[in-house]
Amino acid sequence: MLKRIFSRTFLLAVLVSAGSLAHAQSGEYLSYTPYSIFGIGDLAQQGSAYNRSMGGVGVASRNVRYLNSLNPAAVTARDSLSFLLDFSVVNSNTLYKQGGSSSAKNITNLGSMAVSFPIWGTTAVMLGISPYSSCGYSYKVKETDPAVLAANGNITYYDYGQGNLYRLYGGLGHAITKSLSVGAEVDYIFGNTGKYFTETFSKSGVNTVEDFYKMTLHAFTGKFGAQYEQKLWGDTKLGLGATYTLGTNLRGMVDYTHNSVGSVETVTVSSSSDTLSNNLGQVRLAGELALGVSLNFDERLRVELDYARADWSKTGMGTVDGFAVTNSTLPFSANVRQSFRAGMEFTPDRYNIRYYSRRISYRAGAYYNNEYYKVAGSEINNFGITLGATLPVFRWYNGLSIAVDLGQRGTTDSSLIRERYARISVGLNLHDIWFQKRRYE
């Protein structure tokens, strides 16, 4: 019975994932933020609802009950014949404020999907897909400089952007010893992004100016990971983890169109295209180093700290048209991205058969990040707290995971935009035993 339920749930998850991906590719936002005007947009948080409920940690996490996609070495933490599937969706509710203006946005979309299974001995495979970045924004700004208004009349700037990049990945992990595991992963980044900028003049004789960038992008990169777990005393273990994601050239096509439209007799229209594939190294995705440390106390309590750093300052995001924000009133520049994350999980009594609430895994976490860009020379910081739990369902390690993320990005100082958000992630982590030989007497 469980296997039939599992198979049907797996098929449903695949269909929902494919449908969500196709729907998002057709033009829906994966996220919505004015800051996604820069570079390749808003970078998505990787991992499942399990990771998100603990502040996003996972570099050093080794847990046979959950699929941890943040470190390819983590797939070796499993029962020898177990098959794992994780599927999640994310709902984001955000309030925006700048000066005396405010607005709100609500978006629900695919969080991630991954499967993992053993292939031989202590070697296991992980396959999955997740959002990589999202470009979603739409806003208007009126010119306030008296000198500019005197020469040109009223001017309205309208900026609009939409598109998504996705990460398709496959990883392999191997346990060298009972304490040491290593892993490697291949990632394919792909998707489309469009950015539109317009300047409208009220003064007669001055045309409206339009600039449009349509980008079809792709890249191959890879990640290497390692985890080491050492027994300290009793059932207490110390875990260490590290990953390194390779920097890589961004390939594809950037189509640029410029229009001058209005009452002026001569209307000029020009268009050009730039193929990134013929200019390798012009724009890059930054490499990232991540380190983690964890303490596991029996099967009741685990605590983890993660740190990650990626240098985007020399990737070309701040200088190449289409990625750099040269047509906007907001001066962006590329930056070094860092994140600090902490999380914990507590399970009162995993094997209690009398009280269901004692079998639930309760989680909490916190994080602090600075984004890969600056605005007007100021770093944009992102911080928040997370809460969550996994509710056991059926038998084995099947569960329904829920994560709540309450956070803030940016500030209202210096005419910047502040975002306050509540994100709810719901995930299914499914478990089954494969390749069992049935015995009948």
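The values are calculated or read from the model by the stated rules, or taken from the named source; none is laboratory data. Model, not experiment: these values are computed from the prediction. Heads up, the Cβs are rebuilt from the backbone with ideal geometry, glycines too, and the neighbour counts pull from every protein chain shown.
Below is a table of values for the structure above.
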quantity: All positions within the range 279-329 that are surrounded by 22 or more Cβ atoms within 10 Å (Cβ to Cβ), hydroxyl-bearing (Ser, Thr, Tyr) and either under 19 Å from SER36 (Cβ atoms) or free of Cβ contacts under 8 Å to residues at least 60 places away in the same chain (or both); calculated: THR315
quantity: Conditions (1) aromatic (Phe, Trp, Tyr); (2) surrounded by 14 or more Cβ atoms within 10 Å (Cβ to Cβ); (3) free of Cβ contacts under 8 Å to residues at least 12 places away in the same chain; number of the one not met by TRP233; calculated: (2)
quantity: Some residue of the range 296-310 being over 27 Å from ASN71 (Cβ atoms), touching a Leu at 6+ places or on another chain (Cβ under 8 Å) and not acidic (Asp, Glu); calculated: no
quantity: Every residue from the range 223-239 that is farther than 26 Å from GLY287 by Cβ and among the polar types (S, T, N, Q); calculated: GLN230, THR236
quantity: Sole residue being in contact with a Lys or Arg (Cβ under 7 Å, 6 or more places away or on another chain) and of a type outside the set (D, E, K, R), chosen from ILE402, ILE380, ILE385; calculated: ILE380
quantity: Residue in the range 152-162 that is in contact (Cβ under 8 Å) with a residue 60 or more places away in the chain and of a type in the set (D, E, K, R) present; calculated: yes
quantity: Residue among TYR137, TYR132 that is under 28 Å from PHE323 (Cα atoms) and either of a type in the set (Gly, Ala, Ser) or out of contact with any helix residue (DSSP H, G or I) (no Cβ under 6 Å at 6 or more places or on another chain) (or both); calculated: TYR132
quantity: Residue in the range 330-351 that is among the hydroxyl-bearing types (Ser, Thr, Tyr), exposed (fewer than 14 other Cβ atoms within 10 Å of the Cβ), closer than 30 Å to LEU95 by Cα and modelled with pLDDT under 95 present; calculated: no
quantity: Unique match (being in contact with a strand residue (DSSP E or B) (Cβ under 8 Å, 6 or more places away or on another chain), at pLDDT 95 or above and polar (S, T, N, Q)) among THR236, THR245, THR208, THR198; calculated: THR245
quantity: Counted residues, the range 157-203 - those being over 21 Å from the mean Cα position of the chain (by Cα), among the hydroxyl-bearing types (Ser, Thr, Tyr) and more than 30 Å from GLY262 (Cα to Cα); calculated: 3
quantity: Members of the range 57-83 that are among the hydroxyl-bearing types (Ser, Thr, Tyr) and within 17 Å of the chain's Cα centre (by Cα); calculated: SER69
quantity: Where LYS223 falls short, out of the listed (1) within 30 Å of GLY153 (Cβ to Cβ); (2) part of a strand (DSSP E or B); (3) touching a helix residue (DSSP H, G or I) at 6+ places or on another chain (Cβ under 7 Å); calculated: (1)
quantity: Selection status of ARG78, of a type in the set (Lys, Arg) and modelled with pLDDT of 90 or more; calculated: no
quantity: Per-region count, the range 43-82, residues part of a loop (DSSP other than H, G, I, E, B), in contact with a strand residue (DSSP E or B) (Cβ under 8 Å, 6 or more places away or on another chain) and not acidic (Asp, Glu); calculated: 26
quantity: Lone unmet requirement of (1) in contact (Cβ under 8 Å) with a residue 60 or more places away in the chain; (2) farther than 15 Å from VAL89 by Cα; (3) aromatic (Phe, Trp, Tyr) for TYR132; calculated: (2)
